[in-house]
Amino acid sequence: MTFSEYLADRWPDIVFLAAQHAQVVLIAIGIATVIGVAVAVLAQNHPMVRRVSLTVTGIALTIPSYALLGLLIPILSLGVVPAITALVVYALFPILRNAITGLESVPAEIEDAARGMGLSKWSLLFTVRMPLAWPVLLNGVRVASILCVGIGAIAAAVAGPGLGRLIFDGLTRLGGANALNDALAGVLGVGVLAIVLDLFFVLIARLTTPRGIRG
């Protein structure tokens, strides 16, 4: 069977696995964004929190994905949970770093002017600092999502959902019927999904960033 014939026959399965892959990545990105922004806000007045959180998440990013997923098996077993947990670990550093950078990049004179208008600490954060930091924060989310799409394929090693199943199935049956087509479809699917998510976040940035602060 040629690759085009394989795609024509298996496209419903490939689309289903791609949707699962995207779902797992977006759930992990959502969790990592909440954690990353909360830690970034806390770190604004606590330099030690900033240093420790960036160091820990940066070191976590260097852990090989196979090793991290293997370490999670005794704790979380197999399936979706260890896959999402691993992706959250890998997504935290770019999101946290950009959230801290974005909040720190707000000009001091703007904050002083906002305080002069009587804004409380939390009003200043949500109505002035966070909107101005949004483009930088969103760029971190965008980078993390692309990173997680690639690593998400490895999650098939712990029975995680997504396109990694095609890749692993193909590689374990290499030489068998459609094994190469499976692996190729999985790899190409991961690439296409990364492009789609990247364009999605570009569109989100375009729609949610005020024209005056667009880069």
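The values are calculated or read from the model by the stated rules, or taken from the named source; none is laboratory data. Just so it is clear, the structure is predicted and the values come from calculations on it, not from any experiment. Here the Cβ is made from the backbone with ideal geometry for all residues, glycine too, and neighbour counts use every protein chain on show. When the accessible area is computed, the model is the full protein with side chains, heavy atoms only, and any ligands, DNA or RNA have been set aside. Shrake-Rupley method; radii C 1.70, N 1.55, O 1.52, S 1.80 Å.
Some points to look at:
- Among residues of segment 32-46 that are modelled with pLDDT of 95 or more, none has a beta-carbon under 8 Å from a residue that is of a type outside the set (Lys, Arg) and not in a helix (DSSP H, G or I) at least six positions away or on a different chain.
- Residues within segment 143-163 that are crowded, with 22+ Cβ neighbours inside 10 Å and either over 17 Å from ILE73 (Cα atoms) or touching a His at 6+ places or on another chain (Cβ under 7 Å) (or both), tallied: 7
- Output for segment 82-109, where each listed residue is open to solvent by 40 Å² or more (accessible area, probe 1.4 Å), hydroxyl-bearing (Ser, Thr, Tyr) and within 21 Å of ILE27 (Cα to Cα): THR85
Conditions tested, residue by residue: (1) among the acidic types (Asp, Glu); (2) within 25 Å of VAL192 (Cβ to Cβ).
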site: ASP13; (1), (2): yes, yes
site: LEU17; (1), (2): no, yes
site: GLN23; (1), (2): no, yes
site: VAL39; (1), (2): no, no
site: VAL49; (1), (2): no, no
site: LEU72; (1), (2): no, no
site: VAL81; (1), (2): no, no
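- The C-beta contact set for segment 110-131 (first residue open to solvent by 70 Å² or more (accessible area, probe 1.4 Å), second residue part of a loop (DSSP other than H, G, I, E, B) and not β-branched (Val, Ile, Thr), distance under 9 angstrom, 6+ apart or interchain) comprises THR127/LEU119.
- Taking the criterion of being over 20 Å from the mean Cα position of the chain (by Cα), assigned to a helix (DSSP H, G or I) and of a type in the set (Gly, Ala, Ser), the residues of segment 162-203 that qualify are GLY170, ALA179, ALA183, ALA185.
- Residue identified as open to solvent by 70 Å² or more (accessible area, probe 1.4 Å), out of contact with any His (no Cβ under 9 Å at 6 or more places or on another chain), touching a residue at least 40 places away in the same chain (Cβ under 8 Å) and closer than 16 Å to ALA153 by Cβ among LEU69, LEU26: LEU26
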